[in-house]
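Q: The structure follows.
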Amino acid sequence: MITSQSSFNNLTAILFVMNDICNDVEDEFNTWYETQHVPERLAIDGFLSASRWHTSSRSQAYMATYRCSGTDTLEQPAYLERLENPTEWTRRMMPQFKNMVRSVCHETWAEGTDQGTHAIAIRCAPHSGKKDLAREFLITAMAERIRTHKTIVRVALWEAAEGSVSQASPEETLRGERDTRVTWVVFIQTDALTNPSVQLNMSTWLDSPEFESLFRLEGCADYQRLSQHTAQSKL
């Protein structure tokens, strides 16, 4: 069982992003994201894949999840240079972001394959002194769910990383608002479910005395995958 950040060496890292966008630039935002921003990130060594997600039912309508070989990917000079020297298009788009959530996380546990059409993003924080019990509870509960619900194709636990990657990025200054950070994210991917948190009756689990004794719930929302991109092999 993982018990400290020092145990997270060599784990896959997730760059987790949620945001709203000003309505009058939403089409341009999607074009910029798909044609410039994602290809630019995936060209950097250590970025493995990127997925974009959307919901029409709540704030933070857009979500992006970037899979990286480790948190060192997000500390290397090539990535920092992109953050410090954004393109003119990026400079124009950043102030249009609203309600921004951005965190670098360790993927401390996962089971299944990254092929879901929809996802449930549960943001939570373990109560003080209960981190190990909370992690064990989540892993046991999620492993049981993926084995008993055939429409769940992947579940993962993402825990916010510490150190330099937890600090504000230069893009945060361009956006003009402080980003919100996550503590933990439980990320559940589903197939053939269009309203997965309702169809899987997640509220019963999230409102249970056992969950509430271990966690503070910070948010839960359903998203549909917009696109999925994989980095090209670098010779």
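Readers should treat all values here as calculations from the given coordinates under stated rules, not as data from a laboratory. In this text the structure is predicted, and so the values were computed from the model without any measurement. For neighbour counting, all protein chains shown are included, and Cβ atoms are generated from backbone atoms with ideal geometry for every residue, glycine included.
Q: Once you list every other residue whose beta carbon is under 12 Å from the beta carbon of Asp191, what net charge do they have if Lys and Arg are +1 and Asp and Glu are -1?
A: +2
Q: Sequence-distant or interchain residues sharing an amide H contact under 5 Å with Ser49, placed H: which?
A: Arg67, Ala231
Q: Can you work out the FRET efficiency for the pair Leu48 and Arg147, with r the C-beta to C-beta distance and R0 = 22 Å, to the nearest 0.05?
A: 0.25
Q: Would you give the gap between the C-alpha center of segment 107-122 and the C-alpha center of segment 197-223, rounded to a whole Å?
A: Each part's Cα centre sits 16 Å from the other's.
Q: Using 0.36 nm per residue of separation minus the Cα-Cα distance, give me the extension gain between Asp132 and Lys98 in nm, one decimal.
A: Between Asp132 and Lys98, full extension yields 8.9 nm more.
Q: Ok, one more. Kindly write out, for segment 105-120 in residue order, the coupling ³J(HN,Hα) from the Karplus curve 6.51 cos²θ - 1.76 cosθ + 1.60 (θ = phi - 60°), rounded to whole Hz, with x marking Gly and Pro.
A: Running phi through 6.51 cos²θ - 1.76 cosθ + 1.60 with θ = phi - 60° gives 10, 8, 7, 8, 7, 7, 8, x, 10, 7, 9, x, 8, 9, 8, 10 Hz.
Q: Also: Can you give the relative contact order of segment 1-153 as a percent, counting alpha carbon pairs under 8 Å and 6+ residues apart?
A: Contact order relative to length: 33 percent.
Q: Using the Cα centre of the chain as origin and beta-carbon charges of +1 (Lys, Arg) and -1 (Asp, Glu), tell me which of Ser59, Leu15, Val155 is placed farthest towards the positive end of the dipole.
A: Among Ser59, Leu15, Val155, the one farthest towards the positive end of the dipole of the chain is Val155.
Q: List, in order, the whole-Hz ³J(HN,Hα) value for each residue of segment 213-225 obtained from phi through the Karplus relation with A = 6.51, B = -1.76, C = 1.60 and θ = phi - 60°; use x for Gly and Pro.
A: Each residue's phi maps through the Karplus curve to give 6, 10, 9, 9, 7, 9, x, 8, 8, 9, 9, 9, 6 Hz.
Q: Ok, one more. If amide hydrogens are placed 1.01 Å from N in the peptide plane, which non-local residues have theirs closer than 5 Å to the one on Ser227?
A: Arg52
Q: With N residues in segment 10-230, what two-decimal value do you get for its Cα radius of gyration over 2.2 N^0.38 Å?
A: 1.00
Q: Mind running the shape call on segment 1-103? Use the C-alpha gyration tensor, a ≥ b ≥ c as the square roots of the eigenvalues: rounded below 1.5 for a/c, prolate if a/b tops b/c, oblate otherwise.
A: The shape class here is oblate.
Q: How do Arg123, Arg175, Arg92 line up, fewest other C-beta atoms within 10 Å first?
A: By the 10 Å Cβ count, ascending, the order reads Arg92, Arg175, Arg123.
Q: A follow-up question, please. In percent, what relative contact order does segment 98-235 have, based on Cα pairs under 8 Å that are 6 or more apart in sequence?
A: 42 percent
Q: Residue separation times 0.36 nm, minus the C-alpha to C-alpha distance between Thr180 and Ser59: what's the value?
A: Gain in length upon complete extension: 42.2 nm.
Q: Quick one: angle between helix 131-148 and the longest Cα principal axis of the chain, in degrees between 0 and 90, rounded to 10, please.
A: With rounding to tens, the tilt is 80 degrees.
Q: Is there a quick way to get the dipole size of segment 141-197? I mean about its Cα centre, with the Cβ of Lys and Arg at +1 and of Asp and Glu at -1; what is the value in debye to the nearest 20?
A: My answer is approximately 340 debye.
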